[in-house]
1. Tell me, which residue of the range 1-55 that is surrounded by 19 or more Cβ atoms within 10 Å (Cβ to Cβ) and among the aromatic types (Phe, Trp, Tyr) is modelled with the lowest pLDDT?
2. Given the residues Leu468, Leu437, Leu460, which is the only one that is free of Cβ contacts under 8 Å to residues at least 40 places away in the same chain and buried (at least 21 other Cβ atoms within 10 Å of the Cβ)?
3. Do you know which of the residues in the range 111-125 that are surrounded by 21 or more Cβ atoms within 10 Å (Cβ to Cβ) and β-branched (Val, Ile, Thr) is farthest from Pro56 (Cα to Cα)?
4. Is it true that Ile19 is within 23 Å of the chain's Cα centre (by Cα), aliphatic (A, V, I, L, M), more than 16 Å from Pro182 (Cβ to Cβ) and outside any strand (DSSP E or B)?
5. Mind checking which residues of the range 279-317 are at pLDDT below 90, in contact with a helix residue (DSSP H, G or I) (Cβ under 8 Å, 6 or more places away or on another chain) and surrounded by 16 or more Cβ atoms within 10 Å (Cβ to Cβ)?
6. If you take the residues in the range 379-409 that are among the charged types (D, E, K, R) and either assigned to a strand (DSSP E or B) or open to solvent by less than 10 Å² (accessible area, probe 1.4 Å) (or both), which one is nearest to Ile335 (Cα to Cα)?
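The values are calculated or read from the model by the stated rules, or taken from the named source; none is laboratory data. Here the structure is a predicted model, which means the values were calculated and not measured. Ideal geometry is used to build each Cβ from the backbone, glycine not excepted, and the neighbour counts take in all protein chains shown. SASA here: full protein model, heavy atoms, side chains in, ligands and nucleic acids out. Shrake-Rupley method; radii C 1.70, N 1.55, O 1.52, S 1.80 Å.
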Amino acid sequence: MGIDRIERQNPWWSDPDAIEDDPYIEKFKKSPLKWLPAHYSDISLDEDLVYTLRGPRQVGKTTLLKNLIRRLLREEGISPRRIAYVDCERLGADTAHELVGVLEDYISWIRFIEKDRIYLFIDEATYVRDWERALKILADSGMLRNATVIVTGSHAIDIKRGAERMPGRRGKKTGLDLLLLPMSFREYVLSLHPELKGRLPKLNDYTPKEIREVVLEASLHSDQIFSLFEHYIRCGGFPISAAEELEKGRVPLYVFDIYRDAIIGDLTRMGRKENLFRDLLIWIFNRRENPFDWSTASRESGIGKHDTVRDYVEDAEYAFVWDVFYKAKGLRTPIRAIRSPKRIYFKDPFIFHALRGWSLGYGDPWSATLNYIMDPFNMGFLVENIVASHLRRVFPLTFYWRNGREIDFLAFRGGQRVLAVEVKYQGRITPENGRRLLKQVGSGIVLSRDTLDLKSDTILIIPTALFLGVV
């Protein structure tokens with residue numbers, strides 16, 4: 001029976017207390033970072049819904065699932081056998097036919113015993129080819145009635161396309177496609193200082209008036225925020241790297257290896273070659289400049305055809321390595337100029353450090369990280385990456401602008417430009433640093449290292465850490 005293949009993945013069936021001994025739960029309880037992403041509270045577990053949860057490997061998707069299982073067992077008193085966790089990587093099922101057989105066996109078994117709602121947690125579904133067909137078959141046969149399903153995967157496009165191939169079978173609710181990224185800086189701060197929840201304000205409308213008020217209120221916690229930003233620059237928002245850096249004062253080599261191997265493994269499964277990806281990374285890290293075009297990247301990296309470079313860049317984006325930023329077609333136009341040069345910004349500073357250490361051959365990537373950020377130019381480039389990632393989370397339509405003069409970021413919402421941002425992570429900032437913003441868009445934000453100046457009606461100068469703490 002297929003149920004035998006997943007019984008060992010569900011030890012709580014025989015002993016509800018076994019969830020406390022689960023490796024993910026044990027690590028969570030011991031970690032100095034008690035990060036439960038917003039999805040933990042937002043996911044509805046009492047409706048017939050099929051959620052998808054996308055995100056990079058080792059970001060905490062499995063930990064989130066195990067905490068949801070723990071909540072069902074501990075807080076809601078759900079019968080343990082109604083909760084099934086399936087790790088597709090360990091399952092050994094290559095096809096949808098095999099997966100549907102396993103799930104059918106479980107559902108038939110549990111329905112013979114229990115009539116109430118069941119919960120299916122299907123982890124790393126992208127290890128099963130055409131995984132969505134299994135759920136379609138179950139839904140069409142009525143086996144997903146009175147069932148809540150959460151499917152995770154680390155390949156953005158595969159999970160997204162799989163979800164799109166199940167129209168009408170996922171429940172009567174919007175917002176079922178969830179994205180789990182490494183902790184934002186704000187999430188990092190609140191995980192370490194939960195007492196700031198409710199006291200550290202958050203931007204919503206991003207009007208100049210609101211920005212002034214929120215930043216001034218947040219500045220009351222400047223000492224904590226500035227200190228934590230220095231840590232975040234080194235360790236990023238991944239739970240393992242952040243916890244190790246806090247506990248040991250450094251990120252051990254094995255953690256760099258975990259994230260490097262996870263990324264390379266995902267790209268290899270997409271058909272990409274490790275050596276070509278490394279060549280691309282070496283070019284990116286040695287160049288340290290944006291923007292670029294496909295032809296320049298193919299020529300200077302030595303990869304070959306520009307179509308090949310584009311494929312590698314886009315697949316790495318689907319694997320949550322970085323975001324590709326396009327130039328806006330106009331200062332008031334949230335449309336990308338596809339033929340214009342592009343910019344690449346890494347999703348998280350630790351991804352940046354891990355891939356830089358590997359591609360450039362550093363034996364001690366932690367020392368390489370510390371040496372890298374000692375250079376003010378390098379630090380400025382890295383902080384610009386962090387700002388880009390945070391803006392893209394809040395404003396999916398974020399671009400750069402270039403027309404003789406550059407603006408780092410233009411963020412749009414509802415078809416309207418909401419923010420124009422320049423990153424100037426340096427010691428001394430004056431109103432002159434906002435000249436490009438003033439001349440081209442009339443107003444904007446200059447993100448500094450530690451200068452705070454909100455007196456101007458047009459250009460607000462805000463320390464980067466404070467701004468990211470309220471985004």
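1. Trp35
2. Working: Leu468 fails: free of Cβ contacts under 8 Å to residues at least 40 places away in the same chain; Leu460 fails: free of Cβ contacts under 8 Å to residues at least 40 places away in the same chain.
None of the other options fit; the residue is Leu437.
3. Ile118
4. Details: within 23 Å of the chain's Cα centre (by Cα): no; aliphatic (A, V, I, L, M): yes; more than 16 Å from Pro182 (Cβ to Cβ): yes; outside any strand (DSSP E or B): yes.
It is false that Ile19 is within 23 Å of the chain's Cα centre (by Cα), aliphatic (A, V, I, L, M), more than 16 Å from Pro182 (Cβ to Cβ) and outside any strand (DSSP E or B).
5. Scanning the range 279-317 gives Trp294, Ala297, Ser298, Ser301, Ile303.
6. Taking the range 379-409 and keeping what is among the charged types (D, E, K, R), we get 384, 392-393, 402, 405-406, 408.
When the remaining residues are screened for being either assigned to a strand (DSSP E or B) or open to solvent by less than 10 Å² (accessible area, probe 1.4 Å) (or both), the result is 402, 405-406, 408.
Details: Arg402: 14, Arg405: 19, Glu406: 17, Asp408: 16 Å.
In this case the residue turns out to be Arg402.
Residue-by-condition table, conditions (1) free of Cβ contacts under 8 Å to residues at least 24 places away in the same chain; (2) more than 22 Å from Val321 (Cβ to Cβ); (3) of a type in the set (A, V, I, L, M):
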site: Ile225; (1), (2), (3): no, yes, yes
site: Glu230; (1), (2), (3): yes, yes, no
site: Arg250; (1), (2), (3): no, yes, no
site: Tyr259; (1), (2), (3): no, no, no
site: Ala262; (1), (2), (3): no, no, yes
site: Asn275; (1), (2), (3): yes, no, no
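This table checks each residue for (1) of a type in the set (Val, Ile, Thr); (2) in a helix (DSSP H, G or I).
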residue	(1), (2)
Arg417	no, no
Ile429	yes, no
Leu437	no, yes
Gly442	no, no
Thr451	yes, no
Lys455	no, no
